[in-house]
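Coordinate-derived values only; no laboratory data. Please read these numbers as outputs of a predicted model, since none were measured by experiment. A quick note on method: Cβ atoms are made from the backbone with ideal geometry, for glycine too, and the neighbour counts reach across all protein chains shown.
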Amino acid sequence: MMARALVGLLLLPAMLVAGPVETSTASGPAVSAADMRFTPAIMTIAVGQSVIWGFPDAVAHTSTSDQGFWDSDTQSDGSTFSRTFPSAGTFPYHSSHHREMTGKIRVPVTRAGSTADGWTLTWATTSATRTFDVQVRKGKKPWRVQWNRTASVGGSFERKGTWSVRVRTHQGSSTSGWSPVVTVTTR
């Protein structure tokens, strides 16, 4: 009995030093930075959705945008980092401590409407400090500029036929990759 009490007293300071594990109160898709990789490495989310990176390892990592959109700073030991993606584009990232650790967040344009009435395309929840390039193409023809460096967060699309649409985001000197392509058909 005395031995159990002594062990308990010896373990108590270690538990106090370790402290509570930080948990995220945000909700959204999760990426784990563990075992020297991001899992999943590629994630597709909706405009305005947040991603939560979890860092369960004792090894330090970061989630750092290749294009300069964000940097989580060094994280480890159960900490989390959350980032909201308010606009369409493809956002590659890496760990600044381990450049072989890479991932990608893909954010497509959202669309609402119908083939009969046309479509409302939304590529951002806000344009604060951002502009957007919107390109369209019919079939396999070359991509054409629909809107260039627009501050609008969306627009109407009523061109006849079946069209592919993609968007990229500019913020300061940072430019995202092109968003995943969405298809709209209008009669």
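By the count of other C-beta atoms within 10 Å, a proxy for reagent exposure, 104, 160, 138 are ordered fewest to most as 160, 138, 104.
Spatial offset of the range 126-155 relative to the range 156-187 amounts to 6 Å, using the alpha carbon center of each.
For the pair residue 117 and residue 35, label points projected 7 Å from Cα toward Cβ lie 4.8 nm apart. The value of relative contact order for the chain, using C-alpha pairs under 8 Å at least six residues apart, is 18 percent.
Over all pairs of different C-alpha atoms, the chain has a mean inverse distance whose reciprocal, the Kirkwood radius, equals 18.8 Å. Straight-line cross-link reach from residue 160 at under 17 Å between alpha-carbon atoms covers these lysines, not counting any fewer than eight positions away in the same chain: 138, 140, 141. Helix 2-18 and the longest principal axis of the Cα set of the chain meet at an angle near 30°. The helix-based estimate of mean residue ellipticity at 222 nm for the chain, built from -39,500 (n - 2.57) per DSSP H run of four or more residues and divided by its residue count, is -3000 deg cm²/dmol to the nearest 500. Contact order, relative form, for the range 26-107: 33 percent (alpha carbon pairs under 8 Å, 6 or more residues apart, mean separation divided by residue count).
Here r is the Cβ-Cβ distance between residue 97 and residue 126 and R0 is 30 Å; the resulting FRET efficiency, rounded to 0.05, is 0.45.
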